[in-house]
1. Compute the relative contact order of the chain as a whole-number percentage, counting only Cα pairs closer than 8 Å that sit 6 or more residues apart in sequence.
2. Pick from Val310, Val141, Val324 the residue whose mean-square fluctuation is largest in a GNM of the chain, springs joining Cα atoms under 10 Å.
3. Can you give the charge dipole size of the chain about its Cα centre, rounded to the nearest 20 debye, using +1 on the beta carbon of Lys and Arg and -1 on the beta carbon of Asp and Glu?
4. With springs connecting C-alpha atoms under 10 Å apart, model the chain as a Gaussian network and identify which of Leu298, Leu111, Leu71 has the largest mean-square fluctuation.
5. Need one word for the range 219-358: rounded, prolate or oblate. Basis is the Cα gyration tensor (sqrt eigenvalues a ≥ b ≥ c); a/c below 1.5 gives rounded, then a/b vs b/c decides.
6. Using alpha carbon centroids, what distance separates the range 114-146 and the range 284-324, in Å?
7. Size of the dipole of the range 30-179 about the Cα centre, Lys and Arg at +1 and Asp and Glu at -1 on the beta carbon, nothing else charged, in debye to 20?
8. What does the charge count around Val99 come to, taking other residues whose C-beta lies under 13 Å from its C-beta (Lys +1, Arg +1, Asp -1, Glu -1)?
Amino acid sequence: MSMAQQADPAVGKPPASGPSERDGRTARRPLVLRLLARPEVGVFLGALAVLIFFLIAAPSVRQGSSMATVLYQSSTIGIMALPVALLMIGGEFDLSAGVAVISSALTASMLSYQLTLNVWTGVIVALVVSLAIGFLNGWMVVRTGLPSFLITLGTFLILQGVNLAVTKWVTGNVATDDISDMDGFDQAKKIFASSFDVGGVQVKITVVWWLVFAALATWVLLRTKYGNWIFAVGGDKESARAVGVPVRFTKISLFMLVGFGAWFIGMHNLFSFNTVQSGEGVGQELIYIAAAVIGGCLLTGGYGSAIGPVFGAFMFGMVNQGIVYAGWNPDWFKAFLGVMLLGAVLINLWVQRTATRR
């Protein structure tokens, strides 16, 4: 056989393309399945179902003032659920978030009152303390390699004891003194705990802050390099470190974001009620985590959104207030909470399997 004959290319028709030639990687799944694979779609449908249910079961929910109360309850949970959700996407937990809220409020209140300072001094010092608590949690997690569950459980117990002991030692009581007549109180209240009128209905400023923080968190997750780092360290921190992601910085900063959220809600509590009960906050961390899980954040990290926890917090607020408006025993709230959490975990498992199925 000659060289020319060997070099002659084979000439033929290209293989016909069709459904039989596609593999699982290129086949497009139905639109419904693609939408359900989004972490926030399932909780949105759940929140819509809860809203419709209570609109029917409790007609007073239809009033503007009632819905404003629901949104207010949702916002106080949702503002904290956002940084907790980001931390969970990053693969960590913070069990000290609930008592850290009270620690922040106690710091601002006692420092301002006992030293007769402008309340803004206490607010700023409380912010530093809250960020320091978050930094300490994050630093210990990345430094020791221990699970964040154990580290923050220890922080939870420490803060719980310190809150009670220091408050009793400084004030002689389990609650702080009233600071409503101190310099700077009115200005701080406008930022953290004021209300505004919408069509004759008083809406708390925390609802606005909740939506602003949710929009900012969504932008960070989807449009910034830092958002990519959060998903990367939550998915596989060793692989993330191998491609240059600053794992330590990302994790520590996420814990500090939780500290910032605790400070903000702590200031809201302080300027709403003028005093702080040192024993409060226990158990709230589970509410924040549950709102994030119901919102589509996986317990294993690396998956979730900032919009999902918004709907998760709304479900909490709707159920909490809806039971009251319906005239039911409020003890049922815990039962609803358990059902919502269990259902969310099962839905998240199904969504994860659907999203990875080829």
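1. Averaging sequence separation for qualifying contacts and normalising by length gives 34 percent for the chain.
2. In the Gaussian network model the winner is Val324.
3. Values: 23 positive and 17 negative charges, 281 e Å.
The calculated dipole for the chain is roughly 1360 debye.
4. Evaluated over the chain, the most mobile residue of the options is Leu111.
5. Verdict is oblate for the range 219-358.
6. Rounded to whole Å, the Cα centres lie 25 Å apart.
7. On the way: 5 positive and 5 negative charges, 63 e Å.
It comes to approximately 300 debye.
8. Combined, the nearby Lys, Arg, Asp and Glu give -3.
The values are calculated or read from the model by the stated rules, or taken from the named source; none is laboratory data. The structure presented is a predicted model; accordingly, all values stated were derived computationally and were not measured. All Cβ positions, even for glycine, are placed from backbone atoms using ideal geometry, and neighbour counts span all protein chains on display. Please note that ligands, DNA and RNA were not included when accessible areas were found on the heavy atoms of the full protein model with its side chains. Shrake-Rupley method; radii C 1.70, N 1.55, O 1.52, S 1.80 Å.
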